[in-house]
Every structure is written in structure tokens, then in C-alpha cells.
1. Is it true that R161 is charged (D, E, K, R) and crowded, with 18+ Cβ neighbours inside 10 Å?
2. Go through segment 46-79 residue by residue and tally those that are open to solvent by 100 Å² or more (accessible area, probe 1.4 Å) and among the aliphatic types (A, V, I, L, M).
3. Do we have any residue at all in segment 130-141 that's in a loop (DSSP other than H, G, I, E, B), modelled with pLDDT of 85 or more, under 21 Å from L40 (Cβ atoms) and within 38 Å of the chain's Cα centre (by Cα)?
4. If you go through segment 9-32 one residue at a time, do you hit one that is among the aromatic types (F, W, Y), within 35 Å of the chain's Cα centre (by Cα) and at pLDDT 90 or above?
5. Taking into account only those residues within segment 105-129 that are within 34 Å of the chain's Cα centre (by Cα) and of a type outside the set (G, A, S), which is nearest to R67 (Cα to Cα)?
Amino acid sequence: MQALEQAFPRRAIQVKNSGLSGGIVLSFAMVVCMALGAFLLWYQGPGILRDYKISQNPIVDENASLRKGECKTRQLIMTDCKADIIFKDSAGKSVQESVSFMFFDMSRSGYDVEIVRSGDDSSLVTLDLGIEKLWDRIFTLGVFTVLLIGGAIAVIVAMIRVHGLNKKMRKPLPLKPVAVMVTGIQKNYGIRNVFYSYTNEAGKKKKRASRFSKKEEPFYLSVAAGTKANETPALAVLPQGCDVPVLLDENLDRLDLTADEKQAIHNALAV
């Protein structure tokens with residue numbers, strides 16, 4: 001690294017392409033988190049509100065019947081129940097109501113259920129299991145909603161941070177060459193995400209991903225790089241005032257360098 005540091009120009013250099021994932025990827029992740037959160041509230045919220053109202057004055061309906069009722073346990077802890085209930089409304093007409101709810105439960109046994117209606121509003125009907133697990137359902141919905149909304153907020157913060165870093169790097173800045181460790185490469189539709197780790201100024205190990213085109217390769221510092229093995233050292237630069245190193249490509253096209261400057265850096269690698 002000492003030879004590379006000496007070969008690097010002392011002037012301010014513009015980073016033409018940081019490779020830091022920003023716009024499209026993070027925007028898509030944010031939309032997915034928000035959409036899942038909205039869907040979950042739409043899917044479970046009304047049922048929880050209905051069953052809460054019924055729980056205030058529940059009455060077992062012996063004349064109602066159950067159809068297509070089932071509960072499935074997923075991932076050993078998440079139970080999802082669905083059922084169609086046939087009952088008579090206040091006018092004596094048969095009505096079918098579909099109910100569904102989910103809750104945490106590690107039990108693998110079946111459930112004995114009864115059909116209950118609200119003593120205050122006969123149009124509200126559900127299973128007693130839904131009322132029995134009401135607070136569990138509220139907790140489950142709350143946990144998933146907080147996680148998804150929290151994920152969306154985290155993505156927004158990451159988008160703002162990446163945008164700020166890219167904006168700062170568009171201006172020529174003094175660059176410090178540093179070694180990072182390439183830990184893996186993931187190929188997606190002609191784009192390769194190169195994952196790398198580094199140690200920041202506080203001594204904490206951080207991980208990042210850099211987007212490379214199909215024909216680009218990282219600037220590896222080791223002969224073993226040809227195997228694309230994990231934990232391969234590669235060259236990056238740390239722009240002044242930034243705390244995230246930019247992983248460089250082997251042709252050094254990510255930096256605004258002259259041909260002679262590029263050649264000097266490549267020659268230093270051979271030392």
C-alpha cells in the first residue's frame with residue numbers, strides 16, 4: 001500500500017462514479033416496505049377492530065355454521081386462520097362472512113372453535129379463537145407494522161445519506177487510498193453488486209456494496225483475486241470529509257485521472 005499511496009496524485013480528484021447504491025435500488029426497497037406495511041394494515045386491521053367490538057359483548061351463535069375453516073402454522077410460530085361463516089341476519093336471510101386472522105403460536109394441535117356474534121350488533125360475527133387471541137393479534141400486527149415502517153424509514157435515511165455522499169464526491173477532493181476486503185459478488189441482470197468491508201476511523205468494521213457493470217472488475221491488490229475468492233483485498237479511496245471508501249475498478253475509470261496517473265498507480269501495484 002505504501003507504493004500505491006506514493007503513486008497517487010496529491011491534487012484534488014473528482015469521483016466520477018462512486019458505485020454506491022442509491023436511487024433505484026433504495027427507492028424500490030422503500031416502496032416494498034411501505035406497500036407491505038399498508039397491505040398488512042388493510043388485511044388485518046379491520047378484522048381486529050371487528051373482533052374487538054364483538055369481544056365487548058360476545059354471544060355464541062348455535063345456529064351459525066362453519067365452512068372451509070382452517071389454520072396453518074408457518075415457520076413454526078406464525079398461525080394463519082381463515083374461515084367462512086354462514087349465519088342469519090336480523091331479517092332471517094342467510095349471510096356468508098369470511099374471517100381471517102394471524103397470531104404467534106407454536107402449538108401444532110388443532111383448534112376447537114365456536115362462532116360468536118356481537119350482542120350489540122348482530123351483523124358482526126367471528127370465531128371465539130379470534131377473540132381469544134385478540135391481544136396476540138394486535139401485538140403481531142404492531143410488530144410487523146413497526147418493522148416495515150422502520151425499514152422504510154431506514155431506507156429513506158440511507159437514500160439521503162448516499163445522495164449526500166455522491167453530491168459531495170462530484171467536487172474534486174483530496175483522496176486517500178485505502179485497502180478494503182471484497183467479501184462477495186452478486187450478479188443481477190447484468191449488474192454486479194460487489195460487497196466489501198472496511199474499518200472506519202472509530203475502529204468499527206463496516207460493510208458496503210458497490211455497483212459494477214458486467215465488464216468491470218474491482219482493483220484487486222492480490223494475485224489471488226483472479227479466483228474471486230472471498231476476503232480478497234482491493235483498492236478503494238476515501239475522499240476528504242467522507243467516511244465511506246469508494247471501491248475502485250481495475251481500469252481506474254471511476255476517478256478523473258490522466259492516462260499517466262493511471263499508469264503510475266498500476267506500476268505501483270507491481271512493486
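1. Details: charged (D, E, K, R): yes; crowded, with 18+ Cβ neighbours inside 10 Å: no.
Criteria not met by R161.
2. The number of residues fulfilling the criteria is 1.
3. Filtering segment 130-141 for residues in a loop (DSSP other than H, G, I, E, B) gives 133.
Then drop every residue that is not modelled with pLDDT of 85 or more, which leaves 133.
Applying the additional criterion that residues be under 21 Å from L40 (Cβ atoms) yields 133.
Add one more test, that the residue is within 38 Å of the chain's Cα centre (by Cα), and what stays is 133.
Yes, that holds for at least one residue.
4. So the first thing to find is which residues in segment 9-32 are among the aromatic types (F, W, Y), and the list is 28.
Filter once more, keeping what is within 35 Å of the chain's Cα centre (by Cα): 28.
Then drop every residue that is not at pLDDT 90 or above, which leaves none.
No: segment 9-32 contains no residue that is among the aromatic types (F, W, Y), within 35 Å of the chain's Cα centre (by Cα) and at pLDDT 90 or above.
5. L129
The values are calculated or read from the model by the stated rules, or taken from the named source; none is laboratory data. What you see is a predicted model, and the numbers here were worked out from it, not measured in a lab. Here the Cβ is made from the backbone with ideal geometry for all residues, glycine too, and neighbour counts use every protein chain on show. When the accessible area is computed, the model is the full protein with side chains, heavy atoms only, and any ligands, DNA or RNA have been set aside. Shrake-Rupley method; radii C 1.70, N 1.55, O 1.52, S 1.80 Å.
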